Amino acid sequence: MLIDSFLLFLTFRWLDALDILIVSLLLYQLYKLVKGTAAVNIFVGIISLYLLWLLVRALNMQLLDSILGQFIGVGVLALIVVFQQEVRRFLLLIGTTGMMRGNRSPFRWFNLGKGFRDVGLLDISAIVSACLSMAQTSTGAIIVISRENSMQFYGNTGEPIDAQVSAKILESIFYKNSPLHDGAVIITGNRITAARCVLPVTDDEEFPTHLGMRHRAAVGLSESSDAVAIVVSEQSGGISVTHEGELEYDISPKRLRDFLEKKFGNKL
């Protein structure tokens, strides 16, 4: 009887392996979201405290188990407050990955907002031409190109525009004497929808110190949405592109074109 119970305890099902794999992936994604920020220390502390609670329960230390159990129970609400931005990014990661994207999405027949549209008509040549021209004259610029996520919230912080994408319009917006040059331009589909928009900045402690606020804003936006952001540096004239929190700094116009074609296609 004792041996049978012991063998039953050691039984390992394929569902147990799947359970461990899913939890590991979730923890890894959460760690990626907080890596390099002040929240990573809190994240490690919470994991350590939870492992301690499991050990206390296994050792049947009832008093300490009760205290830690109450703390962890209330801690769920505290986590939502402390990790508000990280939770938002995590939910965004789930909502814009896999089944929510592409023509095979089960939600493709529903109108889920302005962000879900054909982005294949983007005039990539006009954007690359504008960035090259502004880089040659060291004209600072930040261009946001939306994908599935609607940029309406950030568009509302600036001046509404409804114009087809063209190199001349983009250059005129970011001309240093233009009243719209200070801020970001938002492009949805192949339309410039807003200019002079305010974007969130990244709080990554490992962010390169030699880069300015445009780069911080571009990375900050790409951390909280699936949009692509292009930056032209006013100091160096270098072109940078960000997506999913990753920054490619000082790239060539050809690299920018290849990147945009990979993300959006090129039908114009």
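The values are calculated or read from the model by the stated rules, or taken from the named source; none is laboratory data. Note that the structure is predicted; figures quoted are calculated from it, not measured. Ideal geometry is used to build each Cβ from the backbone, glycine not excepted, and the neighbour counts take in all protein chains shown.
Overview of values
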quantity	calculated
Meets criteria (closer than 22 Å to residue 128 by Cβ, aromatic (Phe, Trp, Tyr) and in contact with a strand residue (DSSP E or B) (Cβ under 9 Å, 6 or more places away or on another chain)) for residue 259	yes
Selected residue (criterion: nearest to the chain's Cα centre (by Cα)) from residues of the stretch 183-207 that are in a strand (DSSP E or B) and of a type in the set (Ser, Thr, Tyr)	188
Condition check for residue 233: farther than 25 Å from residue 137 by Cβ and in contact (Cβ under 8 Å) with a residue 12 or more places away in the chain	no
Elements of type helices (runs of 4 or more DSSP H) contained in the stretch 15-130, each with 1 or more residues being modelled with pLDDT under 60, surrounded by 11 or more Cβ atoms within 10 Å (Cβ to Cβ) and of a type outside the set (A, V, I, L, M)	84-95
Residue satisfying condition, being in contact (Cβ under 8 Å) with a residue 12 or more places away in the chain, polar (S, T, N, Q) and within 11 Å of residue 143 (Cα to Cα), within set 224, 240	240
Residue 189, sole failed condition from (1) surrounded by 14 or more Cβ atoms within 10 Å (Cβ to Cβ); (2) in contact with a helix residue (DSSP H, G or I) (Cβ under 9 Å, 6 or more places away or on another chain)	(2)
Residue 226 surrounded by 16 or more Cβ atoms within 10 Å (Cβ to Cβ) and assigned by TED's automatic domain parsing to the domain that holds residue 131	yes
Condition check for residue 218: touching a helix residue (DSSP H, G or I) at 6+ places or on another chain (Cβ under 9 Å) and closer than 18 Å to residue 122 by Cβ	no
Qualifying residue in the stretch 161-182 (condition: under 15 Å from residue 224 (Cβ atoms), assigned by TED's automatic domain parsing to the domain that holds residue 222 and of a type in the set (S, T, N, Q))	no
Unmet criterion (only one of (1) free of Cβ contacts under 8 Å to residues at least 40 places away in the same chain; (2) out of contact with any Ser or Thr (no Cβ under 7 Å at 6 or more places or on another chain)) for residue 200	(2)
Total residues in the stretch 156-179, condition closer than 17 Å to residue 138 by Cα, assigned to a loop (DSSP other than H, G, I, E, B) and in contact with a helix residue (DSSP H, G or I) (Cβ under 7 Å, 6 or more places away or on another chain)	2
